[in-house]
Amino acid sequence: MTKQIGPLVCFDLGNVLIKLGPPIHLYARADCRAEVTSLLELYSLGQLSTNAFYERLQCFMVWPMSRSELQEAFVYTRLPGFQNGSEALIEELSALGLELAVLSNINEAHWQYLQKLKVFRHFKHAFLSFELGIKKPHDDIYKLVERETLRCGRDIVFFDDREENVLSARRCGWSAFQVPPDNIVVAVRRNLAGLGLL
């Protein structure tokens, strides 16, 4: 008989816990934006090192940019801060003893920056596409979370801003909810309360 353990509360990052600023595409030449999209895909799957990514990215910019200028645009401008109230929400959920996880299609540079922020000490697990080599909404990434956390189905509560990711999680039996980027704290609290977790 499987030992009963508590629920896992799992969050996406961009547009959920973290605000998103202008994408790097805005700094690229118009005729190269498809190439930038392909480059980002490879990088978010861990198929390029950070150095190789920046070297290739420089080739597509409207004007020559140094490594530090690229980093400013790609990391700090893209990730300007937390969504309103999201830090306090995570502190509260952690204080309640809920086990927390990140499940994100993210690249190495973004995660290296975010993981240094104090709030992420409350997360027991981080499932990151650049480390795993797979991305949402592929079913395999949800199954991997289940294996690693010893949870399945409705034992996992998941919040994401993208419908396709939520639908895939629901197909795996998760309690998954799409949250609006402009009001995520209210949506998360409402859904957790509906599950009896708040």
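We did not get these values from a lab; they are worked out from the coordinates using the rules stated. No experiment lies behind these values; they were computed from the predicted model shown. Here the Cβ is made from the backbone with ideal geometry for all residues, glycine too, and neighbour counts use every protein chain on show.
Odds and ends about this structure:
- Restricting G85, G21, G6 to those that are on the phi > 0 side of the Ramachandran plot and surrounded by fewer than 17 Cβ atoms within 10 Å (Cβ to Cβ) reduces the list to G85.
- Qualifying positions in segment 170-185 - exposed (fewer than 14 other Cβ atoms within 10 Å of the Cβ) and free of Cβ contacts under 8 Å to residues at least 12 places away in the same chain: D182, N183
- The numbered conditions (1) without any contact (Cβ under 8 Å) to a residue 60 or more places away in the chain; (2) touching a His at 6+ places or on another chain (Cβ under 7 Å) are all true for V166 except (2).
- Condition broken by G97, with the remaining ones in (1) under 15 Å from the mean Cα position of the chain (by Cα); (2) touching a residue at least 12 places away in the same chain (Cβ under 8 Å); (3) surrounded by fewer than 19 Cβ atoms within 10 Å (Cβ to Cβ) satisfied: (1)
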